[in-house]
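The values are calculated or read from the model by the stated rules, or taken from the named source; none is laboratory data. In this text, all values refer to a predicted model and were calculated from it rather than measured experimentally. Neighbour counts are summed over all protein chains in view; Cβ atoms, including those assigned to glycine, are modelled from backbone coordinates with ideal geometry. The area values use the complete protein model at the heavy-atom level, side chains included, leaving out ligands, DNA and RNA. Shrake-Rupley method; radii C 1.70, N 1.55, O 1.52, S 1.80 Å.
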Amino acid sequence: MSEKTDLGWSEDPAPLLRVDDGFRLDEVDPHSTPGYEGNKKSGRRDLQYCTGELDDLQERLFAAHHDEESGPAVLLVLQAMDTAGKGGIVRHVVGSVDPQGIELAAFKKPSKEELAHDFLWRIRPRVPGPGMIGVFDRSHYEDVLIGKVRELADEAEIERRYEAINAFEAELAEAGVRIIKVMLHISPDEQKDRLMERLDRPDKHWKYNPGDVDERLLWPDYMQAYQTAFERTSTEAAPWYVIPADRKWYARLAVQRLLLGALREIDPQWPAADYDVSVERERLAES
């Protein structure tokens, strides 16, 4: 890691968080902070410190490629159980850059029209274009998570979807889209506390959904569905990262670090002027 972004990191968290062969979700401590030696105070400080670099890289990416027919882009996929902090990632990490370079898609329950098509039909139009950072707040993985747990599709169809997802993501990677797939891993006890806070605070009542309690009763089934999805769809082109999320500040810091890593690899440069700068300077001075 560079001197600028070492801060409280003892090592690059990406390899620690990436889902590789032999990964077990039940061995991940949701309260841990892999690779980071600081605390909540330093984590918040470091998050703010690195927003400048993230903003600069995002602006360079947008300036260099947003009007091209093809070119690099970044897609951040956020999956999690309810209250795990997806909204906080969007506000505090992605929200720290220029919104004109962000494409946010929040996939809810499919409509009748969407159900009449293949599950990827509604996903494809929301893939970020060149120069953009796209964020999927929930995604095509709902169709192999909820779809599996709630038995909304049979096993044969779920298996087909794993293969379709791998092919789809390989296609995106080939086209220059850097895919960062994140599962924010929260513990059931922490989720209970966060849900209770929503009930305790009138300003949070609008965020509470009684259906969340029903989903909690299926927690082991969801964890197994995630485990299977990781095993079937964590690929070289689009690996999964599991981020412990009981500590919100750590989850935000880790996602920021993954985004920085992807943008540094792209290394976007300011585009050269397509006009004579000296001529334009003279024209402007004389105007």
Please report, for the Cα atoms of the chain, the Rg to one decimal and the Dmax as a whole number; what are they, in angstrom? 20.5, 73
Debye equation applied to the C-alpha atoms of the range 73-141, log10 I(q)/I(0) at 0.19, 0.20, 0.26 Å⁻¹: -0.79, -0.85, -1.19
Going Cα to Cα from residue 148, which aspartates and glutamates come in below 12 Å? Please leave out same-chain ones fewer than 8 positions away. 157, 159, 221
Restricting things to alpha carbons, tell me how big the range 81-215 is in terms of Rg and Dmax, in Å. 16.7, 48
Rg followed by Dmax, in Å, when the range 170-272 is reduced to its Cα trace: 17.8, 57
Could you check the spin-label model distance between residue 192 and residue 159? Points 7 Å from the Cα along Cα→Cβ, value in nm. 3.8 nm
Please compute the contact order of the range 42-139 in relative form: average sequence separation of alpha-carbon pairs under 8 Å and at least six residues apart, divided by the residue count, as a percent. 46 percent
Keeping every protein chain present and rolling a 1.4 Å probe, give me the accessible area per residue for the chain in Å². 52 Å²
Charge dipole (debye, nearest 20) of the range 222-287; +1 at Cβ of Lys and Arg, -1 at Cβ of Asp and Glu: 620 debye
Take the alpha-carbon centre of the range 162-219, take the same for the range 56-107, and report the distance between them in whole Å. 17 Å
So the label point goes 7 Å from the Cα of residue 12 along Cα→C-beta, right? Which residues of the range 244-287 then have their backbone N under 15 Å from it? 257-267
Run the quick spin-label model on residue 265 and residue 212: label points 7 Å from Cα toward the beta carbon, then report their separation in nm to one decimal. 3.3 nm
Could you pull out every residue, at least 5 positions away or on a different chain, whose amide H is within less than 5 Å of the one on residue 77? Hs are placed 1.01 Å off N in the peptide plane, and Pro or chain starts have none. 136, 180, 181, 182
Each label sits 7 Å from Cα toward the beta-carbon; between residue 175 and residue 67 the label points are separated, in nm, by 2.2 nm
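What percent do you get for the relative contact order of the chain when only Cα pairs under 8 Å and 6+ apart count? Working shown, then result.
Values: 391 pairs, mean separation 88.1, N = 287.
The normalised contact order for the chain reaches 31 percent.
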Can you give me the % of accessible surface on the chain that is carbon or sulfur? Probe 1.4 Å, all protein chains present, nothing else counted. 49 percent
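Identify the trypsin sites (Lys or Arg not before Pro) of the range 111-214 meeting these criteria: DSSP loop state and at most 14 other C-beta atoms within 10 Å of the C-beta. If you can, show how the numbers build up before the last one.
Values: sites: 112, 122, 126, 138, 148, 150, 160, 161, 178, 181, 192, 194, 198, 204, 207; in loops: 122, 138, 150.
Passing sites in the range 111-214 are 150.
If N is the number of residues in the range 109-154, what value comes out of its Cα radius of gyration divided by 2.2 N^0.38 Å?
Numbers: Rg = 12.2 Å, N = 46, 2.2 N^0.38 = 9.4 Å.
Ratio of Rg to 2.2 N^0.38 Å for the range 109-154: 1.29.
Return the calculated 222 nm mean residue ellipticity for the chain, to the nearest 500 deg cm²/dmol, obtained by summing -39500 (n - 2.57) across DSSP H runs with n ≥ 4 and dividing by the residue count. If you can, show how the numbers build up before the last one.
Numbers: 12 runs with 137 residues, N = 287.
Result for the chain, helices only: -14500 deg cm²/dmol.
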Semi-axes of the range 1-136 from the Cα gyration tensor (sqrt of 5 times each eigenvalue, largest first, whole Å) come to 29, 23, 14
Taking a virtual spin label 7 Å from the Cα of residue 26 along the C-beta vector, which residues in the range 196-220 bring their backbone nitrogen under 16 Å of it? 218-220
For the range 1-65, report the translational diffusion coefficient in µm²/s to the nearest whole number, using Stokes-Einstein at 10 °C, 1.306 mPa s, and a Kirkwood Rh over Cα pairs. 113 µm²/s
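Normalised radius of gyration for the range 154-214, please: alpha carbon Rg relative to 2.2 N^0.38 Å, two decimal places.
On the way: Rg = 18.4 Å, N = 61, 2.2 N^0.38 = 10.5 Å.
Cα Rg divided by the expected 2.2 N^0.38 Å: 1.75.
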